[in-house]
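Q: I'd like to ask you about the structure that follows.
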Amino acid sequence: SPPECPFCGEAAGRELEEHVRARHGHLLGAPGTGNGEQLYECPMCSLTCTNIQILEEHVDLHLDEHNFSEGTDLELAQQLQTEEDEQQRSEEEKREREEFKKLQRQYGLDNSGGFKQQFLKNMEREVDRGRMQPFEYHKRKADMMESLASGIDDGKTKTSGVIEALCKYYQNENRDVRRVWLSAGVDHFHSSLGDRGWGCGYRNFQMLLSSLLQNSFYNDCLRDTTLIPSIPKIQSMIEDAWREGFDPQGASHFSNRLHGSKAWIGACEIYSLLTSLRIKCQIIDFHKPTGPMGTHPRLFEWILHYYSTDNEGGAKVVCTSKPPIYLQHQGHSRTVVGIEEKKNKSLCLLLFDPGCSSQQMQKLLKQNSDGSGLKLLRKFVGSLKEKQYQIVAVDGVLSLEEKAARCHASQVFTSEKIP
């Protein structure tokens, strides 16, 4: 509201000073009146008053107006800030929910079904696109249902004999390989319609298990697992390991349930499952690069030591009795089946990848003399540049007492880290 005259109460607006001088100048003792009265000037608007009480009342009007305006502005600012904070919290919660759902979908924890549901859905899609005949759909569905009922993998993604073919190839290779160490025999398994996009960890376990089943040293551990289990069966086996007490922290991450889901598994789940079967193994964590350009030469050196220990003879091709190694990094896992040492001393890993199809792996059984097919398997130091790698390496059999001790230790387990 416009300021009021302190003498008559009339609203004077911006011309308050002129109003007072014109209408009430005789009260102010304004210059020129000649009465010699004391003048008092308002410190806020320069209005002069002859009475100190009038000046105080006038100044109080200024202060009341200022406090009201300041209080209103502060209240409005606080309200706007509160609304902005609530909106930011709401948007952040929404982003977190969306990110959580995205991670659930990515890692198969969104309750969208498991191997069986994905297998049937993908076959139906193939029929709709004309890539599969209805009779083939019904046959493969019956085979899949039989496999799930028995808990045994149907073997349709398996390729055998690659290690033996590699051994023959390296015997005749005379160009740049100085020495090569190969794992014990191992079958390759690739992803199928039922586990494409999430099954690499299970397929690598099948590869590792296929090698252990060929080694009589592990017969006692595997007397209840004489054939390669299907992916749903492997999920149930991991759940059994959790129920025994292995890795409770990891189990809680999956809510103690894998069967019927598309959940990704990693090195910890492989370790728990192998240890529950009394197979002695260890996790080695290469938690940061140890070479230039984000490379991991220490990883290659560790694997060379693993295969070459007790195999130091002078032969160019060393077919060891060592099982293959499970290799994990963010988003994928593979199986290490050997390592080359070049004539220039550089190292090259040989990897089985679940992403390679049977058709690709079959070509390795008829290896050309130029070794071009080995591009599928070879990985040099510069090719592995993920931030972190983990390996699971098998090195013996556990007694019942050792198994119990490892079960207890896994409840506070941390992997060994290579500095």
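The values are calculated or read from the model by the stated rules, or taken from the named source; none is laboratory data. Predicted model, so just to flag it, every value in this text is computed and none were measured. Cβ atoms come from the backbone with ideal geometry, glycine included; neighbour counts cover every protein chain shown. The accessibility values were calculated without ligands, DNA or RNA, using every heavy atom of the protein model including side chains. Shrake-Rupley method; radii C 1.70, N 1.55, O 1.52, S 1.80 Å.
Q: Not counting ligands, DNA or RNA, and with a 1.4 Å probe, what is Glu92's accessible surface area in Å² rounded to the nearest 10?
A: Its accessible surface works out to 80 Å², give or take rounding.
Q: Here is a follow-up. Tell me the label-point distance for the pair Glu93, Asp395, using the 7 Å Cα-to-Cβ offset, in nm and rounded to one decimal.
A: Label at Glu93, label at Asp395, 5.1 nm between them.
Q: Could I ask something else about it? When the solvent-accessible surface of protein heavy atoms is calculated with a 1.4 angstrom probe, in what order do Phe246, Phe135, Phe115 fall, highest first?
A: Per-residue accessible area, sorted high to low, gives Phe135, Phe115, Phe246.
Q: Based on the inverse mean of 1/r over its pairs of different Cα atoms, what is the Kirkwood hydrodynamic radius of segment 115-417, in Å?
A: Numbers: mean 1/r = 0.0494 Å⁻¹.
The answer is 20.2 Å.
Q: Give the ranking of Leu277, Leu377 by solvent-accessible surface, highest area first, calculated with a 1.4 Å probe.
A: Details: Leu277 30, Leu377 0 Å².
The ranking, largest first, comes out as Leu277, Leu377.
Q: Compute, for Lys139, the solvent-accessible surface of its heavy atoms (probe 1.4 Å) with the complete set of protein chains present, and express it in square angstrom to the nearest 10.
A: 120 Å²
Q: Are there trypsin sites (Lys or Arg not before Pro) in segment 270-322 that DSSP puts in a loop and that have at most 10 other Cβ atoms within 10 Å, and which ones?
A: Answer in residue order: no site qualifies.
Q: I've got another one for you. Sequence-distant or interchain residues sharing an amide H contact under 5 Å with Cys49, placed H: which?
A: Those lying under 5 Å, H to H, from Cys49 are Tyr40, Glu41, Cys42.
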